[in-house]
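S.K.: Sharing a structure below in structure tokens format, with a few things to ask.
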Amino acid sequence: GLAQRIHGGLQVLNFGVAIPSYQDRLHQLTAVKTALAEKALPLIKANQYVFIDVSTTLLKLTQLLKVHCTVYTHSLDNAISLATNPAVTLQLLGGELNQSNRFMSGAAALTALKPVYFDQTIIGAAAVNVQGVFYQDAGDAAVKRQALSQTGSGILVCEHRKFGQTARFCGGQLAQLQVVITDEPLTTIERAWFAPTTKFIYLTED
């Protein structure tokens with residue numbers, strides 16, 4: 001009675017009550033996260049400038065990345081993953097380190113982002129609802145808002161269980177997303193939150 005079976009593993013029944021810590025999330029739904037990362041990987045093309053968000057799913061993406069590109073990130077773990085990748089020119093944003101969730105934020109991070117136009121901005125989510133994509137930290141949300149405001153393509157990669165949840169700080173509007181990658185098909189109501197041109201990519205068939 002403590003969990004329910006979902007695609008790729010188990011989910012605690014009170015998942016939406018509190019957002020797990022980064023370290024806890026590293027050990028949850030590993031197969032699903034890898035599969036989502038594999039779906040996102042072909043969207044990154046050679047010589048692009050890409051922003052990759054702090055997310056345990058997107059950490060998997062950085063571990064798979066082999067195409068030559070320039071990656072900006074505020075994630076300490078993404079940076080460690082990419083530090084020895086000869087194909088990637090890495091730009092780790094500066095700022096104050098959030099030790100719990102292992103990302104940089106603040107004025108220095110936002111200043112470093114401002115001159116850059118990204119081909120792809122790839123984000124995760126703590127919660128997704130009709131009002132936007134939400135996170136538990138204001139500084140983290142500000143970095144995502146900045147990156148999404150200057151990109152050719154906004155891409156959301158997260159498990160379907162994040163949809164319909166709530167968190168405190170908005171990191172972007174759903175109209176800024178051209179692609180949504182998730183494990184299970186969205187409901188008709190959830191799809192209606194997005195622009196009609198949004199592309200949906202699922203692990204399971206629609």
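The values are calculated or read from the model by the stated rules, or taken from the named source; none is laboratory data. Computed from a predicted model, the values in this text were never measured in an experiment. Every residue, glycine among them, receives a Cβ derived from its backbone with ideal geometry; neighbour counts consider all protein chains shown. Accessible surface is based on the protein model in full, side chains and every heavy atom, while ligands, DNA and RNA are left aside. Shrake-Rupley method; radii C 1.70, N 1.55, O 1.52, S 1.80 Å.
S.K.: Going by the conditions given, is Thr166 in contact with a Phe, Trp or Tyr (Cβ under 9 Å, 6 or more places away or on another chain), open to solvent by 40 Å² or more (accessible area, probe 1.4 Å), farther than 18 Å from Gly94 by Cα and at pLDDT below 95?
M.R.: yes
S.K.: What number of residues within segment 126-163 are open to solvent by 10 Å² or more (accessible area, probe 1.4 Å) and β-branched (Val, Ile, Thr)?
M.R.: The qualifying residues number 2.
S.K.: Only residues that are within 19 Å of Asn101 (Cα to Cα) and either among the charged types (D, E, K, R) or in a strand (DSSP E or B) (or both): list them for segment 129-155, please.
M.R.: Passing the criteria: Val133, Phe134, Tyr135, Asp137, Asp140, Lys144, Arg145.
S.K.: On to the next question. Can you confirm whether segment 81-88 contains a residue that is among the β-branched types (Val, Ile, Thr), under 30 Å from Gly164 (Cα atoms), in contact with a helix residue (DSSP H, G or I) (Cβ under 8 Å, 6 or more places away or on another chain) and open to solvent by less than 60 Å² (accessible area, probe 1.4 Å)?
M.R.: Scanning segment 81-88 turns up no residue that is among the β-branched types (Val, Ile, Thr), under 30 Å from Gly164 (Cα atoms), in contact with a helix residue (DSSP H, G or I) (Cβ under 8 Å, 6 or more places away or on another chain) and open to solvent by less than 60 Å² (accessible area, probe 1.4 Å).
S.K.: If you go through segment 176-197 one residue at a time, do you hit one that is assigned to a loop (DSSP other than H, G, I, E, B), touching a residue at least 12 places away in the same chain (Cβ under 8 Å) and of a type in the set (S, T, N, Q)?
M.R.: The answer is yes, given that some residue of segment 176-197 is assigned to a loop (DSSP other than H, G, I, E, B), touching a residue at least 12 places away in the same chain (Cβ under 8 Å) and of a type in the set (S, T, N, Q).
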